[in-house]
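Trainee: Sharing a structure here in structure tokens format.
The values are calculated or read from the model by the stated rules, or taken from the named source; none is laboratory data. Note that this is a predicted model, so its numbers are computed, not measured. Methodologically, a virtual Cβ is constructed for each residue, glycine included, from the backbone with ideal geometry; neighbour enumeration extends over all protein chains shown. Please note that ligands, DNA and RNA were not included when accessible areas were found on the heavy atoms of the full protein model with its side chains. Shrake-Rupley method; radii C 1.70, N 1.55, O 1.52, S 1.80 Å.
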Amino acid sequence: MATTDVNTADTARAVRTIDGVVDIIASTAPEIRTGLPGRRVTAEDENPSGETQMAADVFADDLLCERIGALDGVGEYASEERPESVDVGTGRLSVAVDPLDGSSNLKPNNTMGTIFAVYDGPLPAHGRDLVAAGYVLYGPVMTMIVARNGTVDEYVLHDDASHELVREDVSLPDEGSVYGFGGRVPDWTDDFEAFAREVEQDASRKLRYGGSMIGDVNQILTYGGIFAYPTLESAPEGKLRVQFEGYPIGYVIETAGGATSDGTKSLLDVDKDGLHARTPMYVGNTELVAKLEAALD
Ligand code: FDP
């Protein structure tokens with residue numbers, strides 16, 4: 001077979017696999033949500049980052065691993081809840097998932113999300129290997145954001161496992177009107193605190209912070225502005241995970257016309273070893289992220 005035929009076949013298979021991952025995320029999210037009421041308790045284990053797991057984290061991870069792992073074209077599955085990735089097939093695409101982002105919001109019944117990233121290559125992968133990424137937001141309405149083929153779309157997810165496209169080509173509004181910064185304020189660096197105080201002084205912006213990254217990032221995608229989970233004095237790498245949070249959210253926000261940074265460069269250019277490596281995260285309108293980088297310089 002000629003090389004071009006092989007490439008065409010590979011590409012067609014990859015497109016089918018990516019669509020399959022999106023369909024599985026969309027159809028599994030209502031089940032994850034339905035399974036939450038009895039699982040607002042801690043599980044017996046900690047996750048690989050040493051954080052308390054909720055029973056819901058484990059439940060969502062098991063469902064997604066089983067279904068995504070059965071998809072043709074997926075070679076590896078990894079999640080924030082497992083120490084190692086799992087070999088699930090012979091495909092060249094890998095899927096990394098944060099099954100329930102913001103699960104400490106489960107007790108107070110606040111927003112949470114499910115994040116997914118599809119990489120062309122083995123895990124841990126690089127941000128520039130992403131071929132699709134997105135997230136589900138469990139809010140009053142269940143929505144899903146998907147970035148692929150250079151555009152970002154929004155879907156509404158229904159309880160019967162169907163999904164409906166509601167917005168095409170989503171982009172960040174030009175004038176950002178909200179901000180949300182994580183971590184304890186006394187634990188922020190002086191430079192970041194000075195930047196935060198400057199952002200607060202602008203009367204056109206309001207604080208919107210809910211403690212679940214997906215909820216907070218979706219505010220930025222909707223209203224524009226800036227979200228940060230910064231470097232902390234006690235945690236120079238910040239809290240959020242490169243493979244499961246930094247890269248996929250970097251991909252979504254940059255595809256939507258925004259900018260992202262680890263403090264000096266795009267989140268997609270972060271170079272870290274290890275499946276559970278962490279990174280500071282700053283995402284939002286280009287002008288605000290540029291100001292942030294200048295402030296931290
Ligand atoms: P959670 O620990 O509840 O799962 O990465 C996880 C995350 O939530 C993010 O969603 C959120 O932005 C951040 O951690 C909040 O952490 P802290 O409450 O420890 O600041």
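Trainee: Measuring from label point to label point, each 7 Å out along Cα→Cβ, what is the Glu233 to Thr264 span in nm?
Mentor: 2.3
Trainee: What spacing in nm lies between the two simple spin-label points modelled at Thr42 and Glu84, each 7 Å away from Cα in the Cβ direction?
Mentor: Result for the modelled spin labels: 2.7 nm.
Trainee: Using a simple charge model, +1 on the beta-carbon of Lys and Arg, -1 on the beta-carbon of Asp and Glu, nothing else, what dipole does segment 3-167 show about its Cα centre, in debye to the nearest 20?
Mentor: Using only the charged Cβ atoms, the result is roughly 380 debye.
Trainee: Follow-up question, since we're still on this one. Using only the alpha-carbon atoms of the chain as identical scatterers, what base-10 log of I(q)/I(0) does the Debye formula give at q = 0.10, 0.15, 0.16 Å⁻¹?
Mentor: Values returned for q = 0.10, 0.15, 0.16 Å⁻¹ are -0.50, -1.16, -1.32.
Trainee: Quantify, in whole percent, the carbon and sulfur part of the accessible surface of segment 3-167 (1.4 Å probe; protein heavy atoms only).
Mentor: C and S fraction of accessible area: 48 percent.
Trainee: Continuing with this model, one more query. So, with a 1.4 angstrom probe, what is the percent of accessible area on segment 178-296 that is carbon and sulfur?
Mentor: Carbon and sulfur atoms account for 48 percent of the accessible area of segment 178-296.
Trainee: For segment 213-271, which chymotrypsin sites (Phe, Trp or Tyr not before Pro) are in a loop by DSSP, counting at most 11 other Cβ atoms within 10 Å?
Mentor: Nothing satisfies the criteria.
Trainee: List the trypsin sites (Lys or Arg not before Pro) within segment 235-274 that fall in a DSSP loop (any state other than H, G, I, E or B) and whose Cβ has at most 12 other Cβ atoms within 10 Å.
Mentor: Lys265
Trainee: Using only the alpha carbons of segment 11-124, what is the convex hull's orientation-averaged projected area in square nanometres?
Mentor: With the hull built on Cα positions only, its mean projection is 6.6 nm².
Trainee: Here's another thing I want to ask about it. Could you list which residues have their amide H under 5 Å from that of Gly182, counting only those 5 or more apart in sequence or on another chain, with H placed in the peptide plane?
Mentor: Sorted by chain and number, the residues that satisfy this are Ala228, Tyr229.
Trainee: Looking at the chain, do any whole DSSP H helices span at least 30 angstrom along their long axis by alpha carbon and average 1.0 or above on Kyte-Doolittle, and which?
Mentor: Span-like helices in the chain: none at all.
Trainee: How many lysine pairs in the chain, separated by 8 or more positions in sequence or lying on different chains, have Cα atoms less than 28 Å apart?
Mentor: Step by step, the pairs that qualify in the chain add up to 10.
Trainee: Now, a different point. Return the calculated 222 nm mean residue ellipticity for the chain, to the nearest 500 deg cm²/dmol, obtained by summing -39500 (n - 2.57) across DSSP H runs with n ≥ 4 and dividing by the residue count.
Mentor: -10000 deg cm²/dmol
Trainee: Roll a 1.4 Å probe over the protein chains and send me the accessible area per residue for the chain in Å².
Mentor: Dividing the accessible area of the chain by its residue count gives 43 Å².
Trainee: Taking the mean number of other Cβ atoms within 10 Å as a proxy for protection, how do you rank 165-175, 53-63 from highest to lowest?
Mentor: The packing order, highest mean first, is 53-63, 165-175.
Trainee: Let's test the formula: R0 of 51 Å, r as the Cβ-Cβ distance of Asp19 and Leu207. What FRET efficiency results, to the nearest 0.05?
Mentor: 0.85
Trainee: Hey, another quick one. Return the tail of the calculated pair distribution for segment 82-188, meaning the percent of Cα-Cα pairs more than 25 Å apart.
Mentor: 36
Trainee: Give a residue-ordered list of calculated ³J(HN,Hα) values for segment 137-153 (Karplus: 6.51 cos²θ - 1.76 cosθ + 1.60, θ = phi - 60°; whole Hz; x for Gly, Pro).
Mentor: Values per residue, Gly and Pro as x: 10, 8, x, x, 10, 8, 10, 9, 9, 10, 10, 7, 6, x, 9, 10, 10 Hz.
Trainee: Counting pairs of alpha carbon atoms under 8 Å apart in space and at least six apart in sequence, what relative contact order in percent does the chain give?
Mentor: Computed over the chain, the figure is 15 percent.
Trainee: Sticking with this structure for a sec: Can you grab the distance from the C-alpha centre of segment 242-282 to the C-alpha centre of segment 148-168, Å, no decimals?
Mentor: Computed from Cα coordinates, the inter-centre distance equals 23 Å.
Trainee: Now for a different question. Rounded to the nearest Å, what's the spacing between the alpha carbon centres of segment 104-135 and segment 1-70? Just the number, please.
Mentor: Each part's Cα centre sits 9 Å from the other's.
Trainee: Can you give the relative contact order of segment 178-296 as a percent, counting alpha carbon pairs under 8 Å and 6+ residues apart?
Mentor: Answer for segment 178-296 is 30 percent.
Trainee: Also, I was wondering about something else. Hey, could you grab the Kirkwood Rh for segment 178-296? Inverse mean 1/r over distinct alpha carbon pairs, Å, one decimal.
Mentor: Kirkwood radius, segment 178-296: 13.9 Å.
Trainee: Using a Förster radius of 30 Å, what is the FRET efficiency between Asp174 and Asp72 based on their Cβ-Cβ separation? Nearest 0.05, please.
Mentor: 0.10
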